[in-house]
1. Lys/Arg Cβ at +1, Asp/Glu Cβ at -1, dipole of the chain taken about the Cα centre: which of Leu118, Ser157, Gly175 is farthest positive-ward?
2. Dividing the Cα radius of gyration by the Kirkwood radius, what Rg/Rh value follows for the range 61-104?
3. On C-alpha positions alone, give me the angle between the axis of helix 17-31 and the longest principal axis of the chain, in degrees, nearest 10.
4. Quick one: in the chain, what % of C-alpha pairs are over 31 Å apart?
5. Between Ala166 and Ser87, what length in nm is gained on full extension when 0.36 nm per residue of separation is reduced by their alpha carbon distance?
6. Modelled label-to-label distance, Ala133 and Ser16, 7 Å Cα→beta-carbon offset: nm?
7. Which value results for Rg/Rh of the range 17-56 when Rg is the Cα radius of gyration and Rh the Kirkwood radius based on the inverse mean 1/r?
8. If the chain between Asn54 and Phe116 were fully stretched, how many nm would it gain, using 0.36 nm times the residue separation less the Cα-Cα distance?
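Laboratory data are not the source of any read-out in this text; all were calculated from the coordinates shown. This structure is a prediction, so every number in the text was calculated from the model and none was measured. All Cβ positions, glycine included, derive from the backbone under ideal geometry; neighbour counts span all protein chains shown.
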Amino acid sequence: MTDAPRAMRGRPRVGSPSLLEEAAFELFLENGYAGTTVEQISTRAGVSRNTFFNYFAAKSDVFWVGLDASIDRVATSLEAASAGAASRRIALLHDALLDAAGRLGPSDVPWVLTHFELIGSTHEVLASVIGRATRLSNVIERCLGDSAPAALSRSLSFACLGAVVAAMTSWAEAGPGRGSLASHLERALSPVLAGFAAL
């Protein structure tokens, strides 16, 4: 009787986002962000340039794979919040954000947040951050829908976004013992949502 096949080890399958991330981060450490091209990343990963663009629209997108997946998760969770009172929707928003944050452990901190001095304030990276911030705030605003005045919904979405940014910053700065993002987000988000719920 033979043993069950052992799980394959080593790099992920060719062309996976994680393989491209790994190659990109190695090159950013070696050459800096500005000194690294998509062609170099693709070559290091052993894939074509077209394969890179199957996963990422721009070089800066390699920083946000985990965050993009989290925003997708929040958006899916909040589809259930399309009806009901504002208080119910705020509770669902709290749960959706904390659930997504709880799935991000100590090793999931976006690489750019712990290596920002190497990257610098490039327009491309800043634009990629703004794009994701806009998407998340839109998801949150849609959650409230017609349960609150438009200005209040927009205000809440930006306040929640601020809490997410503050939590991610403290999470990145906390070092290896940082735990999951959830505990950092709970501290930043709960007072914001409690204040809006009281209205």
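1. Of the candidates, Ser157 comes out farthest on the positive side.
2. Reported Rg/Rh (Cα atoms, Kirkwood Rh): 1.06.
3. The answer is roughly 70 degrees.
4. Beyond 31 Å sits 28 percent of the P(r) for the chain.
5. 26.1 nm
6. Once both label points are built, they end up 3.2 nm from each other.
7. When Rh is taken as the Kirkwood radius, the ratio is 0.93.
8. Using 0.36 nm per residue and subtracting the Cα-Cα distance, I get 19.7 nm.
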